[in-house]
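Have a look at the structure below, then the notes.
The values are calculated or read from the model by the stated rules, or taken from the named source; none is laboratory data. Quick caveat, the model's predicted, so the values are computed rather than measured. Using ideal geometry, Cβ is built from the backbone for each residue, glycine included, and neighbour counts are taken over all protein chains shown. Note: accessible area is taken over every heavy atom of the protein model, side chains too, but ligands, DNA and RNA are not part of it. Shrake-Rupley method; radii C 1.70, N 1.55, O 1.52, S 1.80 Å.
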Amino acid sequence: MSETPPDISHDQHAVRRQKLAELRATGHDPFRASFTPTHFSGDALKLHVDGQDNAVTVAVAGRLVTIRDMGKSQFVKILDQHGQIQLYIKKDVVGEEAYAAFKKLDLGDFIGARGTLFKTKTGEVTVRVEANGVTLVTKALRPLPEKWHGLADPEQVYRQRYLDLIVNTESRARLMLRPKIVSHIRHLLEARQFIEVETPMLQNVAGGAAARPFTTRHNALGTDFLLRISLELYLKRMLVGGYDRVFEIGRNFRNEGISRKHNPEFTMLEVYQAYSDYRGMMALVRDLLQSLVREVIRPADGSLKIKHAASGEDIEFGGAWREVSYKELIHAATGDADWFVRSKAEKIAGAEKLGLGVDPKWEEFEITNEIFSKQIEPTLIQPTFVTHLPKELCPLAKLTLEDPTTIDVFELVIGGMEVAPAYSEQNDPDAQRAMFEAQAGGDQQSIDHDFLLALEHGMPPAGGMGIGIDRLCILLTGAESIRDVILFPQLRPGGAKAEG
RNA sequence: GGCUCUCUAGCUCAAUGGUAGAGCAGUUGACUCUUAAUCAAUUGGUUUCGGGUUCGAGUCCCGAGGGAGCCA
């Protein structure tokens, strides 16, 4: 027994495991302890009345994130769903043995604490822990990242998001905002008598958008399915079925690149309203976004302005929003009022004059749209309804009566990003079939014949709109990347740092 | 998929091709109102991995892997 134990003081994992072993040896299993808090931290803090210290007793629980040890007393902070609350532990209050046990706690441990609320000299409402007031409810066997700089390595932030949420206050605030945004959207739509539905993610034909789908296999049916790339065609079946106002908030999957604006799985809101049209959708989306800024984001100055991270410009959500046709924007960008009657060769020359590389194999509308997406869209920082896109860009909308080369749609652009497209929905089954066939180019398999059958049964005239929830959250939270508003963004597998 | 950048202690970061360091965290001690608490001492490294050049490589070269940005 004369052997000196090996020095493990450098190995925080080993030190914590040893503490766990000691606790168990003395009959305290920190994974079997129970504690029932009476309040979340934020609610508890509100209970303190100025000038009435120690009048209210609360029980709070959370993760130990700060320890300030002053010998015979300590200030510590715990973190729960609401945020942090400070605890004050005095040796002469809790007793020698309990105080010694408390000193063995580590940052990251989950504890429960019971005590009375008081205000410290510096004005922070704090729980004065009472005798037998502390319970260790879970031992953390791994150390937390550094307290001041937090977790900065982007890879670890995404792979171990839980650590990011514990130590990076801004990440936590931003990600907590997202459920509030989604909830607010739901409530607003429900208040307007929209019905929320759930439609299939496993589909035979991935329709409603142009994107490469993921494929998966159903064993019992012995058949492949595609993961949906859009919600559109099933929600329209609901219009056929007599649901006049429907929406769905759900995951779409697109088997394409990953970037600051793209995650392979992302969340869409789609809304369909019978007897409305794209102009009705304009009012709806503006109401929705203004309400979100007013009620959820609540800019401090009482305005409806949000800072745009990429440009530094303030985005003004209040008031009426700019409305401009696609053709007007193209005319202005090219300086050519006759752009749309120019030959393909002239369009190629025009695009190249703007510094854009174009593939001669492209269709004319693709050349024009390259100008829109590269030269125009990124400059539209303030909310802008771009209306009447060329009909080739979407086969699911009604043609404009006065100009059958365009469709009755808008694309809402904010912060240089497409946020919400909306259409007067095509409900003529023959026109719809013709558009599908033209687009499929003989590939009958890519046509959703079941949807066309539904249309033949009759779909009421309707306006429809989609909002990319992730992009909306980027805008509303001032984030720089889609990865900052998705809890667990897609990364290459297996890269997590190996831990002993 | 292409180009550029990046990977060093648990975390945040240093280190002309020449002995791998600091702060926080950890460990030991002091301190009964702290706010990145303070003070003293102290442990801790296969520098992402595999090759190469060199008397000598964290640093230069090649390859692999992860991540970031731009492009497609």
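Looking for something at pLDDT below 95, in contact with a strand residue (DSSP E or B) (Cβ under 7 Å, 6 or more places away or on another chain) and buried (at least 16 other Cβ atoms within 10 Å of the Cβ) - is there at least one such residue anywhere in the stretch A:307-318?
Yes, because at least one residue in the stretch A:307-318 is at pLDDT below 95, in contact with a strand residue (DSSP E or B) (Cβ under 7 Å, 6 or more places away or on another chain) and buried (at least 16 other Cβ atoms within 10 Å of the Cβ).
Return yes or no: is A:E456 in the same structural domain as A:E270 (by TED's automatic domain parsing), open to solvent by 10 Å² or more (accessible area, probe 1.4 Å) and more than 14 Å from RNA strand B (Cβ to nearest atom)?
Values: in the same structural domain as A:E270 (by TED's automatic domain parsing): yes; open to solvent by 10 Å² or more (accessible area, probe 1.4 Å): yes; more than 14 Å from RNA strand B (Cβ to nearest atom): yes.
So A:E456 passes the test.
Would you please name the residue that is surrounded by the fewest Cβ atoms within 10 Å (Cβ to Cβ), looking only at residues in the stretch A:21-62 that are closer than 19 Å to A:G83 by Cβ and among the hydroxyl-bearing types (S, T, Y)?
Looking at the filtered set, the residue picked out is A:T38.
If I filter the stretch A:139-177 down to residues being closer than 14 Å to A:G108 by Cα and surrounded by fewer than 15 Cβ atoms within 10 Å (Cβ to Cβ), which single residue comes out as nearest to the chain's Cα centre (by Cα)?
Ranking the candidates gives A:Y162 first.
Which numbered condition in (1) modelled with pLDDT of 95 or more; (2) touching a Leu at 6+ places or on another chain (Cβ under 9 Å) is the only one that A:M435 fails?
(1)
Which residues, counting only those in the stretch A:329-379, are among the hydroxyl-bearing types (S, T, Y) and either surrounded by 17 or more Cβ atoms within 10 Å (Cβ to Cβ) or under 27 Å from A:G415 (Cβ atoms) (or both)?
So the first thing to find is which residues in the stretch A:329-379 are among the hydroxyl-bearing types (S, T, Y), and the list is A:334, A:343, A:368, A:373, A:379.
Residues satisfying the conditions are A:T334, A:T368, A:S373, A:T379.
May I ask you to verify whether A:S276 is open to solvent by 20 Å² or more (accessible area, probe 1.4 Å) and within 16 Å of RNA strand B (Cβ to nearest atom)?
Spelling it out, it is not the case that A:S276 is open to solvent by 20 Å² or more (accessible area, probe 1.4 Å) and within 16 Å of RNA strand B (Cβ to nearest atom).
Of the conditions (1) open to solvent by less than 10 Å² (accessible area, probe 1.4 Å); (2) free of Cβ contacts under 8 Å to residues at least 40 places away in the same chain, A:D403 fails just one. Which one is it?
It fails just one condition, (1).
Is it the case that some residue within the stretch A:346-362 is within 16 Å of RNA strand B (Cβ to nearest atom), assigned to a helix (DSSP H, G or I) and of a type in the set (A, V, I, L, M)?
Our first condition is that a residue be within 16 Å of RNA strand B (Cβ to nearest atom); within the stretch A:346-362, this holds for A:348, A:351-352, A:354-362.
Those left that are additionally assigned to a helix (DSSP H, G or I): A:348, A:351-352.
After this cut, where a residue has to be of a type in the set (A, V, I, L, M) as well, the list is A:348, A:351.
Scanning the stretch A:346-362, I find at least one residue that is within 16 Å of RNA strand B (Cβ to nearest atom), assigned to a helix (DSSP H, G or I) and of a type in the set (A, V, I, L, M), so the answer is yes.
Quick one: A:E295 ticks every box in (1) touching an Asp or Glu at 6+ places or on another chain (Cβ under 8 Å); (2) closer than 24 Å to A:G478 by Cα bar one, so which box is it?
The number of the failed condition is (1).
Going by what's in this entry, would A:R237 be described as under 16 Å from the mean Cα position of the chain (by Cα) and either within 30 Å of A:Q445 (Cβ to Cβ) or among the β-branched types (V, I, T) (or both)? Give the steps one after another, and end with the answer.
Values: under 16 Å from the mean Cα position of the chain (by Cα): no; either within 30 Å of A:Q445 (Cβ to Cβ) or among the β-branched types (V, I, T) (or both): yes.
Against the criterion (under 16 Å from the mean Cα position of the chain (by Cα) and either within 30 Å of A:Q445 (Cβ to Cβ) or among the β-branched types (V, I, T) (or both)), A:R237 does not qualify.
Filter the stretch A:482-500 for residues that are open to solvent by less than 50 Å² (accessible area, probe 1.4 Å) and at pLDDT 95 or above and give the result. Spell out the reasoning first.
Step one: list which residues in the stretch A:482-500 are open to solvent by less than 50 Å² (accessible area, probe 1.4 Å), which gives A:482, A:484-486, A:489, A:495.
Listed by number, the residues that qualify are A:I482, A:D484, A:V485, A:I486, A:P489.
For the stretch A:231-252, which positions are free of Cβ contacts under 8 Å to residues at least 60 places away in the same chain and open to solvent by less than 30 Å² (accessible area, probe 1.4 Å)? First the steps, then the outcome.
Quick first cut of the stretch A:231-252, residues free of Cβ contacts under 8 Å to residues at least 60 places away in the same chain only: A:234, A:238, A:241-243, A:245-248, A:250-252.
Within the stretch A:231-252, A:V246, A:F247, A:E248, A:G250, A:N252 meet the criteria.
Within the stretch A:420-438, restricting attention to residues that are within 27 Å of A:H262 (Cα to Cα) and free of Cβ contacts under 8 Å to residues at least 60 places away in the same chain, which residue is farthest from the chain's Cα centre (by Cα)?
So in the stretch A:420-438, the residues within 27 Å of A:H262 (Cα to Cα) come out as A:420-425, A:436.
Those still in the list that are free of Cβ contacts under 8 Å to residues at least 60 places away in the same chain too: A:421, A:436.
On the way: A:P421: 18, A:F436: 32 Å.
Ranking the qualifying residues of the stretch A:420-438, first place goes to A:F436.
Within the stretch A:290-312, restricting attention to residues that are in contact with a Phe, Trp or Tyr (Cβ under 6 Å, 6 or more places away or on another chain) and assigned to a helix (DSSP H, G or I), which residue is farthest from A:S481 (Cα to Cα)?
First, pick out the residues of the stretch A:290-312 that are in contact with a Phe, Trp or Tyr (Cβ under 6 Å, 6 or more places away or on another chain): A:290, A:293, A:304.
With assigned to a helix (DSSP H, G or I) added as a condition, the list becomes A:290, A:293.
Numbers: A:Q290: 22, A:V293: 19 Å.
By that ranking, first place goes to A:Q290.
Taking the stretch A:104-116, which residues are within 12 Å of RNA strand B (Cβ to nearest atom) and part of a strand (DSSP E or B)?
Of the stretch A:104-116, the ones within 12 Å of RNA strand B (Cβ to nearest atom) are A:104-109, A:116.
Once the filter is applied, which keeps residues that are within 12 Å of RNA strand B (Cβ to nearest atom) and part of a strand (DSSP E or B), the stretch A:104-116 yields only A:T116.
Which of (1) touching a residue at least 60 places away in the same chain (Cβ under 8 Å); (2) outside any loop (DSSP other than H, G, I, E, B) is the odd one out, the single condition A:L141 does not satisfy?
Every condition holds for A:L141 apart from (2).
Can you say whether A:T66 is assigned by TED's automatic domain parsing to the domain that holds A:K91, more than 19 Å from A:E130 (Cβ to Cβ) and surrounded by 12 or more Cβ atoms within 10 Å (Cβ to Cβ), as far as the supplied structure shows? Break it down into steps so the answer makes sense when it comes.
Numbers: assigned by TED's automatic domain parsing to the domain that holds A:K91: yes; more than 19 Å from A:E130 (Cβ to Cβ): yes; surrounded by 12 or more Cβ atoms within 10 Å (Cβ to Cβ): yes.
Spelling it out, A:T66 is indeed assigned by TED's automatic domain parsing to the domain that holds A:K91, more than 19 Å from A:E130 (Cβ to Cβ) and surrounded by 12 or more Cβ atoms within 10 Å (Cβ to Cβ).
With the structure loaded, tell me whether A:Q81 is open to solvent by 70 Å² or more (accessible area, probe 1.4 Å), under 25 Å from A:H149 (Cα atoms), more than 8 Å from RNA strand B (Cβ to nearest atom) and assigned by TED's automatic domain parsing to the domain that holds A:T116 or whether it fails that test. Walk me through it before giving the result.
Working: open to solvent by 70 Å² or more (accessible area, probe 1.4 Å): yes; under 25 Å from A:H149 (Cα atoms): yes; more than 8 Å from RNA strand B (Cβ to nearest atom): yes; assigned by TED's automatic domain parsing to the domain that holds A:T116: yes.
Criteria met by A:Q81.
Please work out if A:S73 is more than 10 Å from RNA strand B (Cβ to nearest atom) and either open to solvent by less than 40 Å² (accessible area, probe 1.4 Å) or not assigned by TED's automatic domain parsing to the domain that holds A:T122 (or both).
Details: more than 10 Å from RNA strand B (Cβ to nearest atom): no; either open to solvent by less than 40 Å² (accessible area, probe 1.4 Å) or not assigned by TED's automatic domain parsing to the domain that holds A:T122 (or both): yes.
No; evaluated as a whole, the condition is false for this residue.
Does the stretch A:118-156 hold any residues that are touching a Leu at 6+ places or on another chain (Cβ under 6 Å) and either more than 8 Å from RNA strand B (Cβ to nearest atom) or closer than 30 Å to A:D50 by Cβ (or both), and which are they? Working first, answer last.
Taking the stretch A:118-156 as the starting set, the residues that turn out to be touching a Leu at 6+ places or on another chain (Cβ under 6 Å) are A:125, A:127, A:129, A:139, A:144-145, A:151.
Listed by number, the residues that qualify are A:V125, A:V127, A:V129, A:K139.
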